[in-house]
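S.K.: So that we are looking at the same thing, I have put the structure below in structure tokens.
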Amino acid sequence: MSTDCGCTRRDAIRSLVGGSLTLPGILGNLLADETKADPLSPKASHYPAKAKRVIFIFLTGGFSHLETFDYKPALFDLDGKTTSLGPHAKSVQNILRPLFGFKPGGNCGTLVSDLFPHIRSVMDDVCLIKSMRSDHADHFQSTLGIHTGSVSFARPSIGSWVSYGLGTFNQNLPSFVVIAPQLPYAGTQVYSNDFLPAYHQGTRVVPGPEPIPNLNPRTTVEEIQEMELGLMHAFNREHLGQRDADVALAARIKSFETAFSMQREAPEAFDLSKESDATLALYGLERGKTTGMGWQCLVARRMAERGVRFIELIDVGASSNWDAHSDMATHIPLAKNVDQPVAALIRDLKARGMLDDTLVVFTTEFGRTPTKDGPKGRSHHARCFSSWMAGGGVKGGISYGETDEIGANIAKDEVHVHDFHATILHLLGLDHTKLTFRHAGRDFRLTDVHGNVVKPILA
């Protein structure tokens, strides 16, 4: 960067040297440090990748697989009849028929409920997995599991692992961004770096007029801010130089540097004013609106274009979500918020030639029981649920895995959360058994000691 006087940032920093006996050594270290590799610079994958980036869409509360993607005609015939959900079930319960009808989508004919007519229209690009399994039926633990691989302990999020393994393409934006109006169950742990360096933690974006608080610079004179921050950077590096083993300090300094860089580039990424009327209409987004899943999905596409490695979208928070214990009709407004924007995201990425190397993931923490909980609702069900992927090296227009006739148990081709994670990493060119980090005397990984890549879904 050059100032109006024609000098560079490096020249401006050097001009400060004469005012202090300590600055020459400090600034010399700073200038030398500028040539070092950035810890978030792009890294080589273990093998050639199909996907360069991930957009991970998480629906909070456990949407019902039986009302969305796993059509079970037997439930209509068995409505009101009693059944046991397995040998460990505590009681016999009444079966509840699905509230919504199903129709085939695309040329592939995959059945999708009337809750998601727009997503149904793009099923030729979607790989539907109907045999997902989680290890826990409580929200907190299962939400933690789908994000970190662990239902028991705080661990790094999948986005943090991807940032750690691959770095990012754009040093002026975070490698891992989470766009969330509210926090889901497990709170900030869903995007925590935990024991990974701090710069791998997700940066939360809150839809609204100020997506990232305090992003505006302290001064409008860029040259002054450059010199002030250059000086602060020099002192930070001098301080760090005396504490070579302090990984947390180094990570915190890097986070500050990324925050400064974001002041230049992030506002433009959030500015939708130059998007066409046709694009806004595709996402169902009114011009000037800065909330809703339409805004989140369109910003996610813009973040993906600008080199962000992992983008998570969370639809709602830990209340008023998909947790439909009393009435499955509460799924209707939640689905309306999600359906058109998510389908638009797939269409938009495809039209721009980005779907082939962008992996779109659509999931929740668990499914719902085929039996009643409240009068017209369903309880938590971790034994099976539905998720899907699109683009990024997966086969489109297919379904993988099956549940039994009432959607209570997996009948074929189980995909555990560990397998799900292993497959996402594989599509990014990462071997989940080799992506490790030494902590507390052992090598940790996202999939712990489990997980198999689901090879039949790979293109």
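The values are calculated or read from the model by the stated rules, or taken from the named source; none is laboratory data. It should be emphasised that the depicted structure is a prediction, and the values quoted were computed from it without experimental measurement. Here the Cβ positions follow ideal geometry from the backbone for every residue, glycine too, while neighbour counts run over all protein chains shown.
S.K.: What is the residue count in region 362-397 for residues that are farther than 20 Å from HIS416 by Cα, among the charged types (D, E, K, R) and surrounded by 24 or more Cβ atoms within 10 Å (Cβ to Cβ)?
M.R.: So the count comes out to 1.
S.K.: Given the conditions (1) among the basic types (Lys, Arg); (2) more than 16 Å from PRO117 (Cα to Cα); (3) at pLDDT 95 or above, and given that LYS103 satisfies all but one, which numbered condition is not satisfied?
M.R.: That leaves (2) as the condition not met.
S.K.: Out of (1) surrounded by 15 or more Cβ atoms within 10 Å (Cβ to Cβ); (2) of a type in the set (S, T, N, Q); (3) under 26 Å from VAL308 (Cβ atoms), what's the single condition that is false for SER131?
M.R.: For SER131, the exception is condition (3).
S.K.: Has region 426-440 got at least one residue that is over 22 Å from the mean Cα position of the chain (by Cα), surrounded by fewer than 17 Cβ atoms within 10 Å (Cβ to Cβ), outside any strand (DSSP E or B) and not hydroxyl-bearing (Ser, Thr, Tyr)?
M.R.: Start the filter on region 426-440 by keeping residues that are over 22 Å from the mean Cα position of the chain (by Cα), which leaves 438-440.
From the residues that got through so far, the ones that are surrounded by fewer than 17 Cβ atoms within 10 Å (Cβ to Cβ) too are 438-440.
Within this subset, residues satisfying the condition of being outside any strand (DSSP E or B) are 440.
Next, only the ones that are not hydroxyl-bearing (Ser, Thr, Tyr) stay: 440.
Yes, region 426-440 contains at least one residue that is over 22 Å from the mean Cα position of the chain (by Cα), surrounded by fewer than 17 Cβ atoms within 10 Å (Cβ to Cβ), outside any strand (DSSP E or B) and not hydroxyl-bearing (Ser, Thr, Tyr).
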